[in-house]
Amino acid sequence: MIPAQFDYQAPATLEEAVSLLASDLDGAKVLAGGHSLIPAMKLRLAQPQLLVDIGRIKSLAYIREEGDQILIGATTTHYQLESSDLLKRICPLLPECAKSIGDVQVRNKGTIGGSIAHSDPAGDWPAAVLALGADLVLVGPNGDRTVKAEDFFVDLLTTDLQPGEILREIRIKKPSGRFGQAYQKVPHPASGFAVVGIAVHLELGDDGSCKSAAIGVTGVGTKAYRAKGVEGSLTGTNLDDDATATAATHVCDGIDPNSDLYASGEYRCHLAQVHTRRAIQAAKANVQ
Amino acid sequence: MKLEGTHQLDAPRERVYQCLVDPEVLQRCIPGCERLEKTAENTFAATIRTGVGSIKGVFNGTARLEDLREPEHLRIVVDGKGTPGFLKGSGDLDLEQGENGTKVSYSGDVQVGGTIASVGQRMIQGTAKMMATQFFTSLGAEAATAVGEPPPQHGFFRTALRWFSGWLRSIFRKH
């Protein structure tokens, strides 16, 4: 339970962090809240040569409104998101998702950026940022670039982040009009990770029908994904029980579901269908 | 753990088979394979440095080919040990000639133990699938070249893309 030897740097600015990373592209790792990386290091599954701690850069933790966007700094903790009055008012999916993560100690230290950059197949944030159609701002030696959440998650623990790049900010378009959101999760009883997690963002027309639906799914495949089959089937319906149940059957379309000691692929897919249905119903009930 | 899957390769069955039993080709195709030596007839010793995300490890082990029925079937038996744990198992590979190439079906049973199994159990299957895809993609590229032709550069497109996007960004930054 003692990590292999490593060097540690706590830069004061993000620019400094980027140049530190560039000094050792293979051996350096970014440390934010440390709730995925440190356990892996203690088990010696990860043995980075250098940790670049961005968790101490104060200006990287923020939640603010800017024009029609919500901007969230990468090292904002789960607890800060969970307890944000602003988010509870304008984008309640984020606090709801934050509330479901791990335990209070994890939420006090773990960060939204760390979770997204790690791309754990059962992480909660990937589902939420997919459902919200977020843009992710990455900074590297050549400056900033923006990637859509949908293009960011590549595979198991693999993202579009290139060596030397750091996730800096999450940008979400402020939900407008009549919308409803919900996050439904089956937590693993020991770890709290999502066996399945379903994030839903619905936009409704004046007549109460579903104008558009965005569904982010985590825990089921090797990476979080948008359930396009469910979204297509739901759009244009009046979101009654039949339409919801029919749409939910598409949640595993095209996905080879994960299988482990706790849940077989078949069981996981069943759970995903049940909880997609419940998440859509909850989102409908939350319409404001 | 059971592993199963199929991959479609754009090459004739005989060529795919030759690639599967050629240690040089295998070394280029197995993700992170640093060393693959023939130690006896159909037996190989290998060192593989591989991982996903920040999780990395070095494995040393042996692989034995059995039940060779060219060009349709072979069985591979592996036994390996490394920093994050050990693995042991065997798998059958069946090659089927189709109209536009070869369908490779694999099915195997692998036991994984040690740290990786006790804490990473929920990710083992996903990792295995990801590596199988990488392996068969590289193998497909190898098999698509004629015998004697220089081997394809598996990392080339990725490197080129990275360089190109970096270049594009540096241009846009100037304006």
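Every read-out reported here was derived from the displayed coordinates using simple, explicitly stated rules and does not represent laboratory data. None of the values given here were measured: they were computed from a predicted structure. Heads up, the Cβs are rebuilt from the backbone with ideal geometry, glycines too, and the neighbour counts pull from every protein chain shown.
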Residue ID - nearest to the other protein chains (Cβ to nearest Cβ), chosen from residues in the range A:62-85 that are hydrophobic (A, V, I, L, M, F, W, C) and touching a residue at least 40 places away in the same chain (Cβ under 8 Å): A:74
Where residue A:45 falls short, out of the listed (1) in contact (Cβ under 8 Å) with a residue 24 or more places away in the chain; (2) in contact with a strand residue (DSSP E or B) (Cβ under 6 Å, 6 or more places away or on another chain); (3) within 28 Å of residue A:18 (Cα to Cα): (1)
Residue in the range A:208-230 that is charged (D, E, K, R) and within 14 Å of chain B (Cβ to nearest Cβ) present: yes
Close pairs (6 angstrom Cβ cut-off, 6 or more residues apart or separate chains): more than 7 Å from chain A (Cβ to nearest Cβ) in the range B:122-141, part of a helix (DSSP H, G or I) and surrounded by 21 or more Cβ atoms within 10 Å (Cβ to Cβ) anywhere: B:135/B:29; B:138/B:29; B:139/B:19; B:139/B:29
Number of positions in the range A:26-47 that are touching a Lys or Arg at 6+ places or on another chain (Cβ under 8 Å) and assigned to a loop (DSSP other than H, G, I, E, B): 6
Candidate set from the range B:16-36 (those that are crowded, with 18+ Cβ neighbours inside 10 Å and within 18 Å of residue B:97 (Cα to Cα)); member that is nearest to the chain's Cα centre (by Cα): B:20
Any hit, the range B:61-81, residues being touching a Cys at 6+ places or on another chain (Cβ under 9 Å), touching a residue at least 24 places away in the same chain (Cβ under 8 Å) and among the aliphatic types (A, V, I, L, M): no
Residue identified as within 30 Å of residue A:183 (Cα to Cα), out of contact with any Asp or Glu (no Cβ under 9 Å at 6 or more places or on another chain) and of a type in the set (Gly, Ala, Ser) among A:59, A:36: A:59
Residue under evaluation residue A:192, criteria (1) away from every other protein chain (no Cβ under 14 Å); (2) of a type outside the set (Ser, Thr, Tyr); (3) not in a strand (DSSP E or B), criterion not met: (1)
Answer from A:30, A:18 - the residue that is within 14 Å of chain B (Cβ to nearest Cβ), within 21 Å of the chain's Cα centre (by Cα) and either under 19 Å from residue B:50 (Cα atoms) or in contact (Cβ under 8 Å) with a residue 60 or more places away in the chain (or both): A:30
